[in-house]
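See below for the structure under consideration.
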């Protein structure tokens with residue numbers, strides 16, 4: 001995968017995500033990769049996953065969860081001065097199977113992709129969107 005461009009890696013990530021292939025998705029990451037969710041922890045704190053196997057476990061949990069991603073698209077892809085770093089604007093639609101409620105959301109992601117593998121993925125999505133469709137109270141509400 002070393003000749004894969006960031007756009008190639010992102011297209012593959014989309015394909016694997018939509019096909020619920022947790023192991024394939026995890027294999028897109030370097031062994032020492034990191035995912036940081038900027039606002040997903042308690043009271044809006046960050047959550048960090050260290051290493052491909054932690055990412056694999058997280059991915060397996062997501063595909064068995066009631067959240068079903070119907071589609072997502074990269075609406076903008078920005079190349080930075082560092083050829084390994086891209087900034088992605090993403091639009092996603094999903095349904096929570098436990099409530100039947102749908103969501104549409106946008107997020108910003110910053111990724112470092114080296115030799116066709118994701119080594120860092122920082123996600124800046126608003127987790128309150130999921131709380132709203134699940135009926136869970138929002139932090140600080």
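The values are calculated or read from the model by the stated rules, or taken from the named source; none is laboratory data. The structure displayed is predicted, hence computed values, not measured ones. Don't worry about glycine lacking a Cβ; one is built from the backbone with ideal geometry, like all the others, and counts go over all protein chains shown.
Brief remarks follow.
- Once segment 40-54 is narrowed to residues that are more than 13 Å from the chain's Cα centre (by Cα) and farther than 19 Å from residue 117 by Cβ, the residue that is modelled with the highest pLDDT is 46.
- Close pairs (6 angstrom Cβ cut-off, 6 or more residues apart or separate chains): over 18 Å from residue 14 (Cα atoms) in segment 87-110, part of a strand (DSSP E or B) anywhere: 96/67; 97/68; 102/95
- Check on residue 82, without any contact (Cβ under 8 Å) to a residue 60 or more places away in the chain and not in a strand (DSSP E or B): yes
- Residue 93, sole failed condition from (1) surrounded by 15 or more Cβ atoms within 10 Å (Cβ to Cβ); (2) closer than 19 Å to residue 20 by Cα; (3) at pLDDT 90 or above: (1)
- Scanning segment 85-123 for residues that are assigned to a loop (DSSP other than H, G, I, E, B) and within 21 Å of residue 62 (Cβ to Cβ) turns up 97, 98, 99, 100.
- If you go through segment 64-79 and keep only what is within 26 Å of residue 23 (Cβ to Cβ) and either free of Cβ contacts under 8 Å to residues at least 60 places away in the same chain or loosely packed, with under 11 Cβ neighbours inside 10 Å (or both), you end up with 64, 65, 66, 68, 69, 70, 71, 72, 73.
- Of the residues screened, residue 57 is not one that is modelled with pLDDT of 95 or more, surrounded by 12 or more Cβ atoms within 10 Å (Cβ to Cβ) and part of a helix (DSSP H, G or I).
- Within segment 5-30, being touching a strand residue (DSSP E or B) at 6+ places or on another chain (Cβ under 7 Å) and part of a helix (DSSP H, G or I) holds for 6, 7, 9, 10, 14, 17, 18.
- Residue tally, condition within 13 Å of the chain's Cα centre (by Cα) and buried (at least 16 other Cβ atoms within 10 Å of the Cβ), over segment 15-39: 13
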